[in-house]
Amino acid sequence: MNKGLLSVDEALEQMLAQAKPVADVEQVPTLEAAGRVLARAQRSTMDVPPMDNSAMDGYAVRVADGARLRVAQKVMAGAVGKPLEPGTAARIFTGAPIPPGADAVVMQEHTKVDGETVHLMRQPKAGEWVRRSASDIARGAEILAAGKRLAPQDTGLAASVGIGTLPVYRRLKLGLFFTGDELVMPGEPLAPGRIYNSNRFTLRGLGAEFGCEVRDYGIVPDSLEATREVLRRAAKECDVIVTSGGVSVGDADFVKPAVEAEGELLMWRIAMKPGRPLAFGRVGGAFFIGLPGNPVSSFVTFLVFVRPFLRRAQGMSSVEPRAIQVRADFDWPEPDPRREFLRVKWNAQGGLDLYPTQDSAVLTSTAWADGLVDNPAQHPIGKGDAVRFLPYSELFR
Ligand code: AMP
Ligand code: MG
């Protein structure tokens, strides 16, 4: 049954072997770096915290001095205290530096104040409620690895050690077009036999989600000349071209001859469901990936093949999604001879529910779902089995 079909892993391996990270690096303000891929590891040039400071509002004390102390000073965050004289305490606030000589902080809730005297109701241990200098980050330590797509908290971390600009890879230019004489844009009347171009929305959204600069060439009619023309244009302007439709070998499928005429192409039949046909090649300086036209197939093949390819081409160090083992709360007694990507939803009991129709034309399943089960070929699933779950939260990173 799978004769002549290529496995998902073999296809992906061949694609990734060719993907090279964009070489151009640009320096951007840290404030604008979220979502970009870090080109060089970043190290801290300072200790964090830079000095011992208080983790609480309370009193800085010397443990050996006992439980009755005169309050001799007050240290606010941003100020610097004086050395602690024997028998005294310093009123101190969260984040304020520990005065020299103090070795613990007593929470204010554990004290009683009587005029200028503070009574400690609990004997503190040395080091209590003191955040040690360099306990978070030591000077010289790596804080961000190269090849990481920067999340907001990463830019916050860079800023916390005073890094004002970051080296990032240039954004990848992703060209998209959609083949099919039947396609119509929403807002236009739908003549009999025509369908709306939903792939344009799904694939463009995914491209943007993955941090690409998307160039959208719109609908391309089913003709060799039109397909060749848009390919030539896109190849000049883009790093990667992704298309939907026209990769079967029917009468109206011009992607194969067009790419072969303008560049080079591998046509694959992949042992997966949904999404059998896939094209991979080059046109000029651009990579070409042709996805099937079926809306669910193009969505799933984008996540399975285009996503890791784009990550590698963007300079990211990890390209494979992390999967988790989750309990199936459904039966799948008649599995396909091909590896299947099932649309599932995480239920309140921590298990997975299956969308009732797994037809590759039913786009509803992708919107309803919050992830895919990656089910091996010929592998039946029974209620309660652990399955390999790829949540959208992971696939969309
Ligand atoms: P194809 O791969 O071109 O044979 O298309 C397979 C199926 O997907 C056909 O039913 C097409 O009408 C449909 N299709 C192709 N392109 C799109 C698109 N951009 N949006 C929605 N459906 C599409
Ligand atoms: Mg078509």
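The values are calculated or read from the model by the stated rules, or taken from the named source; none is laboratory data. Only a predicted model underlies this, so the values are computations on that prediction, with no experimental measurement involved. Here Cβ is always computed from backbone atoms with ideal geometry, including for glycine, and neighbour counts include all displayed protein chains. Side chains are part of the model used for accessible areas, which takes the heavy atoms of the whole protein and leaves out ligands, DNA and RNA. Shrake-Rupley method; radii C 1.70, N 1.55, O 1.52, S 1.80 Å.
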Check your understanding: Roughly speaking, to the nearest percent, how much of the stretch 323-397's 1.4 Å accessible area is carbon and sulfur?
Key -> 54 percent
Review point. Residue by residue, what Karplus-based ³J(HN,Hα) values in Hz, rounded to whole numbers, does the stretch 379-384 have, using 6.51, -1.76 and 1.60 with θ = phi - 60° and x for Gly and Pro?
Key: 10, x, 10, x, 3, x
Check your understanding: With each label point set 7 Å from Cα along the Cα-Cβ vector, what nm distance links residue 213 and residue 318?
Key -> 2.8 nm
Review point. Could you give the nm distance between label points at residue 82 and residue 334, where each point is 7 Å from its Cα heading toward the beta carbon?
Key: 8.8 nm
Revision key, fill the gap. The percentage of the accessible area of the stretch 1-124 (probe 1.4 Å, all protein chains present) made up of carbon and sulfur atoms, to the nearest whole number, is 53 percent
Practice item. Round to the nearest 10 and give me the degree value, 0 to 90, for the angle of helix 198-209's Cα axis relative to the longest principal axis of the chain. Key: 30 degrees
Point to revise | Accessible-area composition of the stretch 175-310, carbon plus sulfur, in percent [1.4 Å probe] | key: 51 percent
Check your understanding: In terms of modelled amide H atoms, which long-range or inter-chain residues lie less than 5 Å from the amide H of residue 338?
Key -> 378
Review point. Along its principal axes, what span do the Cα atoms of the stretch 280-366 show, with the longest given first and each in whole Å?
Key: 49, 29, 24
Practice item. Quick one: compute the contact order of the chain, relative version, from alpha carbon pairs under 8 angstrom and 6+ residues apart, as a percent. Key: 16 percent
Revision key, fill the gap. Quick numbers on the stretch 42-127, Rg and Dmax over C-alpha atoms in Å, give 13.1, 50
Point to revise | Cβ-based charge dipole, the chain, positive-most Cα from 147, 161, 98 | key: 98
Point to revise | Protection-proxy order for peptides 329-335, 109-115, 294-300, each taking the mean of Cβ atoms within 10 Å per residue, highest first | key: 294-300, 329-335, 109-115
Point to revise | Residues of the chain: accessible area per residue with a 1.4 Å probe, Å² | key: 47 Å²
Review point. Tell me, what ³J(HN,Hα) does each residue in the stretch 93-100 have, in order and in whole Hz, if you take phi through Karplus 6.51 cos²θ - 1.76 cosθ + 1.60 with θ = phi - 60° and put x for Gly and Pro?
Key: 10, 3, x, 6, x, 6, x, x
Review point. What are the ³J(HN,Hα) values, in whole Hz, obtained from phi via the Karplus relation 6.51 cos²θ - 1.76 cosθ + 1.60 with θ = phi - 60°, for each residue of the stretch 321-331 in sequence order, with x given for Gly and Pro?
Key: x, 7, 9, 10, 7, 10, 6, 7, 9, 8, 9
**Study point:** Over the stretch 196-251, volume per residue of the alpha carbon convex hull, in Å³
**Key:** 91 Å³
Point to revise | DSSP beta bridges in the chain [antiparallel fraction, %, rounded to 5] | key: 65 percent
Study note, to complete from the structure: The pairs in 148/236; 148/256; 82/148; 256/345 lying past 32 Å Cα-Cα in this model are 148/256; 82/148; 256/345
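Of all the C-alpha pairs in the chain, what % are more than 34 Å from each other?
The answer is 49 percent, as a whole percent.
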Practice item. Give the relative contact order (percent, whole number) for the stretch 52-140; include only Cα pairs under 8 Å separated by 6+ residues. Key: 37 percent
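Within the stretch 1-108, what percent of beta bridges assigned by DSSP are antiparallel, to the nearest 5?
60 percent
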Exercise for review: Go ahead and estimate [θ] at 222 nm for the chain from helices alone: -39,500 (n - 2.57) per DSSP H run with n ≥ 4, summed, over the residue count, rounded to 500.
Suggested key: -5500 deg cm²/dmol
Review point. So how many Å³ per residue does the convex hull of the Cα atoms of the stretch 159-287 work out to?
Key: 157 Å³
Point to revise | DSSP bridge orientation in the stretch 264-397 - percent antiparallel, rounded to nearest 5 | key: 90 percent
Study note, to complete from the structure: For the stretch 336-375, shape from the Cα gyration tensor axes a ≥ b ≥ c, cut at a/c of 1.5 then a/b versus b/c, turns out oblate
Review point. Can you give the angle from 0 to 90° between the axis of helix 224-237 and the longest principal axis of the chain, with both taken from C-alpha atoms, to the nearest 10?
Key: 20 degrees
